[in-house]
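First up is the structure itself, then whatever we jot down about it.
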Amino acid sequence: MKSTMNIVLGALSALLLAGCGSMDSASYMISGAAHSLSLTRTKNFFWSNEWELALVTARNPECMRRHKLQPVTGADFKVELYRSLEGNYIVKQGNNWYVTETRQCRLQQFPTPPREPGDLLGVFEEKDDGIRFVPAPGAKLPTPAPTPAAAPAAPATLPAPTPETPLAVPPAASPAAPAQTR
């Protein structure tokens, strides 16, 4: 009986400990959630001090990719985001530098730091037990794409034809007229 109880308690402990990690993320929206750079941070075990990082580069529906970055410890968490003159994004994580682009959602690590990373857009950093993207002071952040204006409402009924206007359909809404034969 005692050995059965130990097996059950051991199995329950293993199940409880398996789900004790945590994950959070923050995003830099280029033009909404469909076109963005998101940083995810995952800690597999609650007793661990190491975080696994990944950068998700998205421009839906064309592409979306998740790229692993170097792991970091809790005290070292800070990831800077730059916009290069060529229109790519430069990511600095500690001593690691990466370049990413959103045409094909690729990522490449620099062998040496770039001479000029570009304009600092902001920093992914820890705030209130999670991560957030904090824009740099004076950074030129993208403006969301404007929502298209609604088309004017069509009249509920068309006016009755008169001799002056045999078909009272506005020109913009009228289909191509069929050829008339006599």
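Annotations for the structure displayed:
- Ranked list, fewest to most other Cβ atoms within 10 Å of each Cβ, for THR40, THR112: THR112, THR40
- Exposure proxy ranking, count of Cβ atoms within 10 Å, fewest first, for LYS92, LYS68, LYS78: LYS68, LYS78, LYS92
- The ranking of LYS127, LYS43 by Cβ neighbour count inside 10 Å, starting from the fewest, reads LYS127, LYS43.
- Rounded to the nearest 20 debye, the dipole magnitude of the range 20-133 is 320 debye, with +1 charges on Lys and Arg beta carbons, -1 on Asp and Glu beta carbons, and the Cα centre as origin.
- Packing around the peptides 25-31, 59-65, taken as the average count of other Cβ atoms within 10 Å per residue, puts them in this order, highest first: 25-31, 59-65.
- Projected area averaged over orientations for the range 19-98, convex hull of C-alpha atoms, nm²: 6.0 nm²
Read-outs throughout are calculated quantities, based only on the coordinates presented, and are distinct from any laboratory measurement. Keep in mind the model is a prediction, meaning the values are calculated, not measured. Here Cβ is always computed from backbone atoms with ideal geometry, including for glycine, and neighbour counts include all displayed protein chains.
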